[in-house]
1. Considering the range 1-40 alone, what residues qualify as being closer than 21 Å to ILE323 by Cβ, in a loop (DSSP other than H, G, I, E, B) and either within 16 Å of the ligand (Cβ to nearest atom) or among the hydrophobic types (A, V, I, L, M, F, W, C) (or both)?
2. Just a yes or no: is a residue in the range 244-256 assigned to a strand (DSSP E or B) and at pLDDT 95 or above?
3. Evaluate the following for ALA274: is it touching a residue at least 60 places away in the same chain (Cβ under 8 Å), assigned to a helix (DSSP H, G or I) and surrounded by 22 or more Cβ atoms within 10 Å (Cβ to Cβ)?
4. Does any residue of the range 240-249 turn out to be more than 25 Å from ALA302 (Cβ to Cβ) and touching a Gly at 6+ places or on another chain (Cβ under 6 Å)?
5. Name the residues in the range 70-102 that are outside any strand (DSSP E or B) and either among the β-branched types (Val, Ile, Thr) or on the phi > 0 side of the Ramachandran plot (or both), would you?
6. Give me the pairs: first residue in the range 172-192 and at positive phi, second residue within 14 Å of the ligand (Cβ to nearest atom), beta-carbon distance under 8 Å, and six or more apart or on different chains, which are they?
7. Given the criteria away from the ligand (no atom under 16 Å from the Cβ), closer than 19 Å to THR48 by Cβ, free of Cβ contacts under 8 Å to residues at least 60 places away in the same chain and out of contact with any Asp or Glu (no Cβ under 6 Å at 6 or more places or on another chain), does SER234 qualify?
8. Is it true that ASN305 is modelled with pLDDT of 95 or more and either in contact with a Lys or Arg (Cβ under 7 Å, 6 or more places away or on another chain) or under 19 Å from GLN190 (Cβ atoms) (or both)?
Amino acid sequence: MSREKIFFTPGPSELYPKFEEFLKDFVDNQFGSISHRSAAFKKICQHTDEQLRELLAIPAENAVMFTGSASEIWERILMNCTELETFHLVNGSFSKKFYSYAQSIGRHAHKFEKPMGEGFSYSEIKVPEYAELISTTQNETSTGVQMPEADIHKLKKNNPKKIVSVDMVSSAPIPDIDLSLVDTAYFSIQKSFGLPAGLGVWIANEYCLERAEAINKKGSIGSHHTLPELWAQSRAFQTPSTPNVMAIYLLGRVAEDMNRRGRATLQKEVDQKAKKLYSYFEKKDGFSLGVAKPEHRSRTVAVINTERASSEVIAALKEKNLIIGAGYGPNKESQIRIANFIANTPEQIDTLLNAFEELF
Ligand SMILES: *Cc1c(COP(=O)(O)O)cnc(C)c1O
């Protein structure tokens, strides 16, 4: 099967190069019809669990759990790990949405907000005393701003009693987040894992589970996908309800392939492509970089300011079957977003930059 278009959209995104091969194996094995209580399913689930643990260096203590999406995990974290107060580092649309989830389920939600395109300096973060959760977004997909891993680790070190959560939706497995130093992290698979949407992956430590059990004794942690239930089922390579078996299977195969290539190799390749993208648009007339500070510039989602309307740029590239993203929310017409995920090969990035040279 050949692909006519190349997607540089930051989610849903270009599919992993071997996606068709893995999908064919799924179909040929008739995994779409097996019971999710069967030994065959447990084997699939165990394989995905093991490959993710290797890829992301997930501590044995932590659980790896499957949900419908990353935004579902926002609500799970709020309901299972907090009772009253939360604190959110907001610098774009996704981090703001998590904050608004906290407000709408009645938490006293605090935020420290930065204008679009800016990141956080560690020294200016003041964590409210009674916040139970510190929500960080390692890669804010709407603005192309990343948070340095060391700052996230430091937040936990200096606030040991608070739950530190890390949104890695559009960057995992690239950043070096040490999952033994934070409490919970999560992603969905339609961004940097190069798969169709429909699965969230929730990694949590025992401290999160303890919190959920304590809150459950006096109040409510909800009914769907509670942490204690997801946790217990995941230990047996099972899920509370019928899961997206296809996505779990494909994720296991993609993670296995990423492990074969080696995370260090993937990181190096992503960084080389990012460098190429940013140095091109830094010099290109009519374009400039959306994120001023190099340390806050995303490795996986390049956000670029455009002098002409972004819709014009997007349409011209589309004629050549190159699909890039518009700016997000208020920046829709003034920015473009280019995914630099693992599935976007160095050759594809070259093809895209050659097209920019030709067109603009
Ligand atoms: C896409 C995205 C989400 C939401 O993921 P869904 O799978 O759509 O729920 C959350 N955070 C970030 C940073 C994202 O890019």
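The values are calculated or read from the model by the stated rules, or taken from the named source; none is laboratory data. The structure displayed is predicted, hence computed values, not measured ones. With ideal geometry, Cβ positions are generated from the backbone for all residues, glycine too; neighbour counts draw on all protein chains shown.
1. If we filter the range 1-40 for residues that are closer than 21 Å to ILE323 by Cβ, which is where we start, we get 1-20, 23.
After this cut, where a residue has to be in a loop (DSSP other than H, G, I, E, B) as well, the list is 1-5, 9-18.
Matches in the range 1-40: MET1, THR9, PRO10, GLY11, PRO12, SER13, GLU14, LEU15.
2. Quick first cut of the range 244-256, residues assigned to a strand (DSSP E or B) only: none.
No, that holds for no residue.
3. Numbers: touching a residue at least 60 places away in the same chain (Cβ under 8 Å): yes; assigned to a helix (DSSP H, G or I): yes; surrounded by 22 or more Cβ atoms within 10 Å (Cβ to Cβ): no.
Taking the combined requirement at face value, the residue does not satisfy it.
4. First, the residues of the range 240-249 that are more than 25 Å from ALA302 (Cβ to Cβ): 240-249.
Pick out the ones that are also touching a Gly at 6+ places or on another chain (Cβ under 6 Å) and you get 244, 247.
Yes.
5. We begin by selecting, within the range 70-102, every residue outside any strand (DSSP E or B); these are 70-84, 91-102.
Listed by number, the residues that qualify are ILE73, ILE77, THR82, GLY92.
6. none
7. Working: away from the ligand (no atom under 16 Å from the Cβ): yes; closer than 19 Å to THR48 by Cβ: yes; free of Cβ contacts under 8 Å to residues at least 60 places away in the same chain: no; out of contact with any Asp or Glu (no Cβ under 6 Å at 6 or more places or on another chain): yes.
Spelling it out, it is not the case that SER234 is away from the ligand (no atom under 16 Å from the Cβ), closer than 19 Å to THR48 by Cβ, free of Cβ contacts under 8 Å to residues at least 60 places away in the same chain and out of contact with any Asp or Glu (no Cβ under 6 Å at 6 or more places or on another chain).
8. Values: modelled with pLDDT of 95 or more: yes; either in contact with a Lys or Arg (Cβ under 7 Å, 6 or more places away or on another chain) or under 19 Å from GLN190 (Cβ atoms) (or both): no.
No, not satisfied.
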